[in-house]
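Here the structure is laid out as structure tokens; the discussion comes afterwards.
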Amino acid sequence: EVQLQASGGGLVQAGGSLRLSCTASGFTTDDYAIGWFRQAPGKEREGVSCIESSDDSTYYADSVKGRFTISSDNAKNTVYLQMNSLKPEDTAVYYCAASLVAGTLLPGLYGFWGQGTQVTVSS
């Protein structure tokens, strides 16, 4: 079965860094676009970044450009999100998801979702 597992979240101070990992099973990430999304309490789910694993094309939300970097290791069937210069407003549950459509930050185009990992940034 298609499964995604996000990991690497934690509690960090503002200005710190975390690297999230999304490991896929049941399919090959090279055949999918993989996206990172986040959702804070009381807020809508927000697209953060995505990567076309087949050609490594990447996309970022304006709010994270210059701070976050998405990358993939297809041999490990894993996609990473390196988060630097973290801000309290980055606090959210971060989800990874897979889409067969295209690289996009629209959550409705992702059909497979992981359980998410909590990122908390303190000031």
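Neighbours of G111 by Cβ distance under 14 Å: Lys/Arg scored +1, Asp/Glu scored -1, total -2. Just the protein heavy atoms count here, and of the accessible area of the chain at 1.4 Å, carbon and sulfur take up 46 percent.
This model, with +1 at the C-beta of Lys and Arg and -1 at the C-beta of Asp and Glu, gives the range 32-123 a dipole about its Cα centre of some 240 debye. Rolling a 1.4 Å probe over the heavy atoms of the protein chains gives the chain an accessible area of 49 Å² per residue. Taken along its principal axes, the alpha carbon cloud of the range 8-123 reaches lengths of 39, 28, 24 Å, longest axis first.
Checking Cβ-Cβ separations below 4.7 Å across the chain identifies C50 as cysteines lacking any candidate disulfide partner. With R₀ set to 22 Å, the beta-carbon distance separating L100 from T58 gives a calculated FRET efficiency near 0.80. I need the calculated FRET efficiency for the pair E89 and Q115, taking r as the beta carbon distance and R₀ as 22 Å, to the nearest 0.05. Result of the calculation: an efficiency of 0.45.
When the alpha carbon coordinates of the range 1-68 are projected onto the principal axes, the ranges are 35, 24, 23 Å, largest first. The relative contact order of the chain comes to 36 percent, based on Cα pairs under 8 Å that sit 6 or more residues apart.
The values are calculated or read from the model by the stated rules, or taken from the named source; none is laboratory data. It should be emphasised that the depicted structure is a prediction, and the values quoted were computed from it without experimental measurement. No Cβ is skipped: glycine too gets one built from the backbone with ideal geometry, and neighbour counts run over all protein chains shown. Quick note on the areas: whole protein, heavy atoms, side chains included, nothing else; ligands and nucleic acids left out. Shrake-Rupley method; radii C 1.70, N 1.55, O 1.52, S 1.80 Å.
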